[in-house]
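Participant: The structure follows.
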Amino acid sequence: MPYIQNALSFAIETILGLYLIAVTLRFVFQLCRVDFRNPISQMIVTVTNPPLKALRKIIPGLFGIDMASVVLILIVGTIKTSLLLTVSGYPTNLSGALVLTLGEVINTIIWTFLISILASAVLSWVAPRAHHPVISIVRDISDPVLRPFRRILPPMSGIDLSPLLALLALNLALKLVVHPLTDIGRQLIL
């Protein structure tokens, strides 16, 4: 029986987890104003558009934030977490699943920023003028995050240390926001 449970957990985690990442990336792309003509952006839009079209008829945007994307993220994440809890034999607790989903989504967003900043820093040394769809997305995501840190810590002698400050702040957010949310969600479930 644990073989079936493991297989179901793997299938749920893979299918709904990948879709949750796609919807979260679409939200991040909208926040950072990533070029939607980019082939990678187009792929994300194509995958996430059907449910978002339906949700946008019901849920309006708020302060420039696509609330339909936020609601879709919460729906997909809560379904995924609830199904994983059910397969694992835990009682389904909607509030606990929602809090765990919120922690997972914030974790995904922070890691998207972390990876983009690291990749952007490495690319600035290795291929500063390269043009590739992935590179433009990396820069489009990292630049809005780095902008406030560049005001705090401007380049010194031609070296931009603002990525270090941004990475520090993002890691603190992981420890001060994501980890407590995850702990609260687990406590609500157990």
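Where a number appears in this text, it was derived from the coordinates with a stated rule and is not lab data. All values derive from a computational prediction rather than experimental measurement. Positions of Cβ are backbone-derived with ideal geometry, glycine not excepted, and every protein chain shown enters the neighbour counts.
Participant: For Q42 and L118 in the same chain, what is the full-extension length gain: residue separation times 0.36 nm, less their Cα-Cα distance, in nm?
Facilitator: 25.0 nm
Participant: By its C-alpha gyration tensor, with a ≥ b ≥ c as the square roots of the eigenvalues, how is the chain shaped: rounded for a/c under 1.5, else prolate for a/b larger than b/c, else oblate?
Facilitator: Here the chain falls in the prolate category.
Participant: Next up: Between I115, A127, L190, whose Cα lies farthest towards the positive end of the dipole of the chain when Lys and Arg beta carbons carry +1 and Asp and Glu beta carbons carry -1, centred on the Cα centre?
Facilitator: Farthest towards the positive pole: A127.
Participant: Quick one: angle between helix 94-126 and the longest Cα principal axis of the chain, in degrees between 0 and 90, rounded to 10, please.
Facilitator: 30 degrees
Participant: Also, quick follow-up: Tell me which aspartates and glutamates have Cα within less than 15 Å of K175's Cα, excluding those fewer than 8 residues away on the same chain?
Facilitator: Filter leaves E104, D183.
Participant: A follow-up question, please. Starting with the fewest neighbours, write out R151, R56, R186 ranked by other beta-carbon atoms found within 10 Å of each beta-carbon.
Facilitator: Least crowded to most crowded, the residues run R151, R186, R56.
Participant: Take peptides 159-166, 19-26 and line them up by average Cβ neighbours within 10 Å, highest first, as a rough protection proxy.
Facilitator: So the peptides 159-166, 19-26, ranked by packing, come out 19-26, 159-166.
Participant: Sort S9, S82 so the one with the fewest other Cβ atoms within 10 Å of its own Cβ comes first.
Facilitator: With the fewest neighbours first, S9, S82 line up as S9, S82.
Participant: Could you give each residue of the range 127-144 its phi-based ³J(HN,Hα) in whole Hz, using Karplus coefficients 6.51, -1.76, 1.60 with θ = phi - 60°, and x for Gly or Pro?
Facilitator: With coefficients 6.51, -1.76 and 1.60, one gets 9, x, 10, 6, 10, 8, x, 5, 5, 5, 5, 4, 5, 5, 7, 6, 4, x Hz.
Participant: Just from its helices, what would the mean residue ellipticity at 222 nm be for the chain, if runs of 4 or more DSSP H residues each count -39500 (n - 2.57) and the sum is divided by every residue, rounded to the nearest 500 deg cm²/dmol?
Facilitator: Taking each H run of at least 4 residues, the total per residue is -27000 deg cm²/dmol.
Participant: Then there's this: Once phi is turned into θ = phi - 60°, what whole-Hz ³J(HN,Hα) does the Karplus curve with 6.51, -1.76 and 1.60 give for every residue of the range 84-92, x standing for Gly and Pro?
Facilitator: Going residue by residue, I get 5, 5, 5, 5, 7, x, 8, x, 7 Hz, with x marking Gly and Pro.
Participant: Sticking with this one: Please list 3J(HN,Hα) in residue order for the range 172-182, calculated via the Karplus relation 6.51 cos²θ - 1.76 cosθ + 1.60 where θ = phi - 60°; whole Hz, with x for glycine and proline.
Facilitator: Using θ = phi - 60°, the values come out as 5, 4, 4, 6, 9, 10, 5, 4, x, 4, 5 Hz.
Participant: Additional query: What FRET efficiency comes out for F63 versus A7 if R0 is 41 angstrom and r is the Cβ-Cβ distance? Round to the nearest 0.05.
Facilitator: Calculated value: 0.45.
Participant: In what sequence, highest mean first, do 168-175, 136-143, 60-67 appear when ranked by Cβ atoms within 10 angstrom?
Facilitator: Sorting 168-175, 136-143, 60-67 by mean packing, highest first, produces 136-143, 168-175, 60-67.
Participant: Further question on the same structure: List T86, T46, T108 from most exposed to least, where exposure is judged by having the fewest other Cβ atoms within 10 Å. Kindly include the intermediate steps, with their values, before the conclusion.
Facilitator: Working: T86 14, T46 10, T108 21.
Sorted ascending by nearby Cβ count, the order is T46, T86, T108.
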